Amino acid sequence: MGKSRAPFKVSDYLQISCLGKYSVEIAVKGSNNYKGSLIINKGQLWSAADNNGKGEEAFRRIILEKDSLIDCSAFNGKKPEKNIETEWEELLFKIYTKKDREIYLTKKTEEINSKVNEICVNKMLCEASEYLLEKNYEKAFRILNEIIKTDPGNKKALLKLTKLKKLGFE
């Protein structure tokens, strides 16, 4: 089947090989001298091994390895000991479900952090406004500068800072 960096992934070769009931070895060479190999025996995922071990964990690492060189070739050699009992479809489903969940959680965490930052900035703007009303310009100036450090495009803070600078605060 050949070597590729794209357009196919290891999971593509795996699916084609299993559905076609082929016997192949899918060898992966990745970054940092990473090497892994899947053996498909007559369409059945037989074994997985990489630099770090064997079995389902090696399978997961092989599938998730990015920007790797993949070699898929007919396997006629002596089969290694079978170290994967779970069906390939279930393993792929688990890997990609977990990956999707991690992506979702990362996005949600970023959204929450952004909202928390927005709340903090709004609280700081309120504090700065109170100090301005009290004519405590030094404290207001300090708070507004802190806001600009975390949110350089904050129009409210920039406007208030501009007015304070016109009054001679730097």
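Below are the figures for this structure:
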| item | result |
| --- | --- |
| Single unsatisfied condition, D71 versus (1) closer than 22 Å to K9 by Cα; (2) out of contact with any Lys or Arg (no Cβ under 8 Å at 6 or more places or on another chain) | (2) |
| The lone exception for I95 - which of (1) in contact with a strand residue (DSSP E or B) (Cβ under 7 Å, 6 or more places away or on another chain); (2) of a type in the set (A, V, I, L, M); (3) modelled with pLDDT under 95; (4) open to solvent by less than 50 Å² (accessible area, probe 1.4 Å) it fails | (1) |
| Wholly enclosed strands (runs of 3 or more DSSP E) of segment 1-93 bearing at least 2 residues over 28 Å from I103 (Cα atoms) and free of Cβ contacts under 8 Å to residues at least 60 places away in the same chain | 24-29, 35-41, 44-50 |
| Residues being open to solvent by 30 Å² or more (accessible area, probe 1.4 Å) and in contact with a Leu (Cβ under 9 Å, 6 or more places away or on another chain) - total across segment 56-72 | 2 |
| Segment 4-32: number of residues that are open to solvent by 70 Å² or more (accessible area, probe 1.4 Å), closer than 19 Å to K82 by Cα and among the charged types (D, E, K, R) | 1 |
| Per-region count, segment 131-160, residues without any contact (Cβ under 8 Å) to a residue 24 or more places away in the chain and over 20 Å from N117 (Cα atoms) | 6 |
| Any hit, segment 111-134, residues being under 30 Å from G20 (Cβ atoms) and either of a type in the set (S, T, Y) or open to solvent by 90 Å² or more (accessible area, probe 1.4 Å) (or both) | no |
| Test: residue in segment 33-43 that is surrounded by 15 or more Cβ atoms within 10 Å (Cβ to Cβ) and closer than 14 Å to L92 by Cα | yes |
| Flag for G53 being under 14 Å from I84 (Cα atoms), of a type outside the set (S, T, N, Q) and surrounded by fewer than 15 Cβ atoms within 10 Å (Cβ to Cβ) | yes |
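The values are calculated or read from the model by the stated rules, or taken from the named source; none is laboratory data. Remember, predicted model here, so these are calculated numbers, not experimental data. Virtual Cβ from ideal backbone geometry, glycine too; neighbours counted across all protein chains shown. Heavy atoms of the whole protein, side chains included, go into the accessibility calculation; ligands, DNA and RNA do not. Shrake-Rupley method; radii C 1.70, N 1.55, O 1.52, S 1.80 Å.
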